[in-house]
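The values are calculated or read from the model by the stated rules, or taken from the named source; none is laboratory data. Quantities reported herein were computed from a predicted structural model and do not represent experimental measurements. Every residue, glycine as well, gets a Cβ built from its backbone with ideal geometry; the counts of neighbours run over all protein chains shown.
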Amino acid sequence: MIIGLLIILGIVVYLNRGVFNNDLEKPQKPIHSNEKLESVEKEADIHLPQEAVKTESGNIGGKKVYFFVRSEYEFPLGHRIIEFQAESVLDWVQKNWITPKIIAWHLEDDEFFDIKDELLWDLASTPKVEKYTTELFGDVYGLDGLWEAMLEWGIKPPQDKIELAKFFKSTSTEGKILVKDGYMTNLTDDDEIQLEWGIVEQGFAENNPEITTYLLRSDWKFPLEVGDKGKRLDLNIPVTLKSREEGEIGCTYCVFLTTRDGESIGELGYAGGITGSFLFEGVRLTEFAQYIRNNEVSFVKDDEGILRATWDEELLLLRAALLIEDKNTLDELLNDLSGEVNQQYVNRTLSDKVYEYPDFLTGDIERLLKDKGELQKLTAKRGEGSIWSYRMEKPQYQASKHFCQIRFHNVAEARGGEMKNSYLSSVFFFDDLWVEANPDLAESLVRYSSGFNFLEGRDFKIKRMIDAYIEAENEE
């Protein structure tokens, strides 16, 4: 039985008053035939475009935009896509401008309602607004800040890209908002973990499949077709942990959508958030497990002179699992995952242990068995003295000779069941033969692992803290 060894728990406005500008444009088609809404529009001398239509994936005519939500709460992909019929991000904002709706809803209940006398935050989070938001998007943290920004802006939505950028920058957020040609994105958090939501135009997605393919994917299972020659991704993003030696062919990529804490997305190029991607040159996935098993973990001195493993904890856990379970291939290991898996918070437990004892889970089989027992004890103690208990649901996995993935479902539950949070962590292994048959999916997955604003398409090597120590040692 496999005691799972690749896991994480990601742990992750201001009240405004508005005075509206009535210098508004002449009408187009009204949003609704609702009497109060028409009255509001007429008084303001504005008629907004036809409301954006939420559609089923693939059943849409004309142009569309993709509203995405990315977080560890989203199963089984780590993100969710909602399609809308709209020409652009600007068109979507105009069609979903909520200010006149909110005014109309309140006038239905109070004919003397005056928005200037109200707290905008309260107006943006009423039961009617929450119901509207849920029906349109489902559960998305932070959208009340978007509605509040619309109320603050006024009854007339942005009219061009310059105004659109100013509007989004006025939206309250716990992180950063970026507005670019073809998309916008908002990095925020719910006080526990980071979340990201944004809007991507169809044209941008079609012109940049190497960036958007994984983000727009609706099926967690990947195609397993492979090529016969192999293709190496022309990317600097993955951290190279093995160079190619003479006579070797192929390469293997490891992509870890995992984290140590609530910074579960992180900044682009910053290795402190999402764990990221790694490259092993000269070895394909069919030989990768043997390579991991047979190679001793290398160490480098940190700035205090303490030896630290150069492999990330996910790879230390993988090596330990292969040796303890005596498996020679990854697909063999994953196909035997029907047994016991380890509990919630293992990555955080392991991080603490590795920092205190840098050689933890790096030794021979005898030492590994001892460390495994210690890890089990530490894991079992998680939650002691608190209301929370931790467990793991059965993971989803896919295993073949040239592509493997496993998606862990971590659960934190208050004792008694009053509160329950579920978190996703995913790991992927694939080689150049799989990349050859699935180049856009492979590249977009690696880019996705690079952190917030991967949509911008920048490509630069992500440096871990340990890499600075490696460079310093090589310069000596």
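So which pairs qualify, if the first residue must be in the stretch 351-367 and in the same structural domain as Ala321 (by TED's automatic domain parsing) and surrounded by fewer than 16 Cβ atoms within 10 Å (Cβ to Cβ), the second must be at pLDDT 85 or above and among the β-branched types (Val, Ile, Thr), the Cβ gap must be under 8 Å, and the two must be at least 6 apart or on different chains?
That search, which allows pairs on different chains as well, returns Pro358/Ile306; Ile365/Ile324.
Is there any pair linking a residue in the stretch 82-93 that is at positive phi to one that is not polar (S, T, N, Q) and not in a helix (DSSP H, G or I), with Cβ under 9 Å and at least six apart or on different chains, and which?
Qualifying pairs under 9 Å: none.
Would you call Glu192 assigned by TED's automatic domain parsing to the domain that holds Asn96, touching a helix residue (DSSP H, G or I) at 6+ places or on another chain (Cβ under 9 Å) and over 15 Å from Tyr448 (Cα atoms)?
Values: assigned by TED's automatic domain parsing to the domain that holds Asn96: yes; touching a helix residue (DSSP H, G or I) at 6+ places or on another chain (Cβ under 9 Å): no; over 15 Å from Tyr448 (Cα atoms): yes.
Judged against the criteria, Glu192 is not a match.
Taking the condition β-branched (Val, Ile, Thr), closer than 18 Å to Phe430 by Cα and surrounded by fewer than 18 Cβ atoms within 10 Å (Cβ to Cβ), does Ile249 pass?
Details: β-branched (Val, Ile, Thr): yes; closer than 18 Å to Phe430 by Cα: yes; surrounded by fewer than 18 Cβ atoms within 10 Å (Cβ to Cβ): yes.
Considered against the rule, which asks whether it is β-branched (Val, Ile, Thr), closer than 18 Å to Phe430 by Cα and surrounded by fewer than 18 Cβ atoms within 10 Å (Cβ to Cβ), Ile249 comes out as yes.
Can you run down the residue pairs with Cβ atoms below 7 Å, 6 or more apart or on separate chains, where the first is in the stretch 200-218 and more than 13 Å from Gly457 (Cβ to Cβ) and the partner is of a type outside the set (Asp, Glu) and in a loop (DSSP other than H, G, I, E, B)?
Every condition considered, the pairs that remain are Glu201/Ser88; Glu201/Gly182; Gln202/Lys63; Gly203/Gly182; Arg217/Leu77; Ser218/Ser57.
May I ask you to verify whether Gly373 is under 26 Å from Ser298 (Cβ atoms) and in a helix (DSSP H, G or I)? I'd like the intermediate steps shown before the answer.
Working: under 26 Å from Ser298 (Cβ atoms): yes; in a helix (DSSP H, G or I): yes.
Yes.
Look through the stretch 213-236, keep the residues that are in contact with a Lys or Arg (Cβ under 9 Å, 6 or more places away or on another chain) and buried (at least 20 other Cβ atoms within 10 Å of the Cβ), and return whichever of them is nearest to Val140 (Cα to Cα).
Leu215
Take the stretch 410-442 and flag every residue that is within 18 Å of the chain's Cα centre (by Cα) and of a type in the set (S, T, N, Q).
Asn410, Asn421, Ser422, Ser425, Ser426 - these are the residues of the stretch 410-442 that are within 18 Å of the chain's Cα centre (by Cα) and of a type in the set (S, T, N, Q).
If I ask for residues that are in a strand (DSSP E or B) and exposed (fewer than 12 other Cβ atoms within 10 Å of the Cβ), which ones from the stretch 384-424 would you list?
Restricting attention to the stretch 384-424, the residues satisfying the condition of being in a strand (DSSP E or B) are 388-399, 403-414, 420-424.
Within the stretch 384-424, Lys394, Lys420 meet the criteria.
Restricting to the stretch 229-240, and then to whatever is among the aliphatic types (A, V, I, L, M) and assigned to a loop (DSSP other than H, G, I, E, B), can you tell me which residue is nearest to the chain's Cα centre (by Cα)? Even if it seems obvious, please write down each step before you answer.
Filtering the stretch 229-240 for residues among the aliphatic types (A, V, I, L, M) gives 233, 235, 237, 239.
This time we only want the ones that are assigned to a loop (DSSP other than H, G, I, E, B), so: 233, 235, 237.
Working: Leu233: 21, Leu235: 20, Ile237: 17 Å.
Restricting to residues being among the aliphatic types (A, V, I, L, M) and assigned to a loop (DSSP other than H, G, I, E, B), the top hit is Ile237.
Would you check if Arg284 is over 18 Å from Ser71 (Cα atoms) and of a type in the set (Lys, Arg)?
Numbers: over 18 Å from Ser71 (Cα atoms): yes; of a type in the set (Lys, Arg): yes.
When the stated conditions are applied, Arg284 passes them.
From Asp440, Asp432, which residue is crowded, with 17+ Cβ neighbours inside 10 Å, in contact with a Phe, Trp or Tyr (Cβ under 9 Å, 6 or more places away or on another chain) and either among the acidic types (Asp, Glu) or farther than 23 Å from Gly78 by Cβ (or both)? Reasoning before the result, please.
Details: Asp440 fails: crowded, with 17+ Cβ neighbours inside 10 Å.
Just one listed residue meets the conditions, Asp432.
Check the stretch 457-465 and report whether any residue there is surrounded by 17 or more Cβ atoms within 10 Å (Cβ to Cβ) and either touching a Ser or Thr at 6+ places or on another chain (Cβ under 6 Å) or not in a loop (DSSP other than H, G, I, E, B) (or both).
no
Suppose we keep only residues that are surrounded by fewer than 18 Cβ atoms within 10 Å (Cβ to Cβ) and assigned to a helix (DSSP H, G or I) within the stretch 133-163. Which one would you say is nearest to the chain's Cα centre (by Cα)?
Phe137
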